[in-house]
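The values are calculated or read from the model by the stated rules, or taken from the named source; none is laboratory data. On a predicted model such as this, the values are computed, not experimentally measured, just so you know. Cβ placement follows ideal geometry from the backbone for every residue including glycine, while neighbour counts extend to all protein chains displayed.
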């Protein structure tokens, strides 16, 4: 399988996984063995003993309970950032975080403009210390430094 955790093998640190197509539609599995092999993760789940059984899990996502995930003070779970309102240093609202993307060197916030925006569209904003000034999870807000040239990060939708 492919892991989106950092480091890649961090998913191996959990004793139980919930597998399913959606978070609401999952089945609990005990992890018997899990380790990194090149760029992939190999795992043995309790009750999955044949290749045919493993094939039935192909394409499913893995969830672990949020309370089992530890993050440092300067780290965030992606799901915590979804729905946050993003504004620039002038207080102008750019939109709400709709997704995050990992592109090697940095993560990218996908921000969709709010319904009453003058021009509707989507921002792709680097989630870096240089750009992100403040994240307030209680207020579900993110303030960015809209650097010169960041207009190129906006794609208008018609």
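At-a-glance table
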read-out: Qualifying residue in region 81-99 (condition: touching a helix residue (DSSP H, G or I) at 6+ places or on another chain (Cβ under 9 Å), without any contact (Cβ under 8 Å) to a residue 40 or more places away in the chain and within 13 Å of residue 143 (Cβ to Cβ)); value: no
read-out: Residue 42 in contact with a strand residue (DSSP E or B) (Cβ under 8 Å, 6 or more places away or on another chain) and over 16 Å from residue 9 (Cβ atoms); value: no
read-out: Any chance residue 77 is surrounded by 15 or more Cβ atoms within 10 Å (Cβ to Cβ), under 30 Å from residue 15 (Cα atoms) and modelled with pLDDT of 85 or more; value: no
read-out: Exclusive hit being touching a helix residue (DSSP H, G or I) at 6+ places or on another chain (Cβ under 7 Å) and either outside the structural domain of residue 111 (by TED's automatic domain parsing) or modelled with pLDDT under 95 (or both), set 62, 51; value: 62
read-out: Index of the failed condition, residue 151 passing every other in (1) part of a helix (DSSP H, G or I); (2) within 27 Å of residue 4 (Cβ to Cβ); value: (2)
read-out: Residues of region 2-32 classified as in contact with a helix residue (DSSP H, G or I) (Cβ under 9 Å, 6 or more places away or on another chain) and surrounded by 15 or more Cβ atoms within 10 Å (Cβ to Cβ), total; value: 5
read-out: Residue 35 being farther than 28 Å from residue 127 by Cα, surrounded by fewer than 11 Cβ atoms within 10 Å (Cβ to Cβ) and at pLDDT 90 or above; value: yes
read-out: Residue in region 131-139 that is within 15 Å of residue 85 (Cβ to Cβ) and crowded, with 16+ Cβ neighbours inside 10 Å present; value: yes
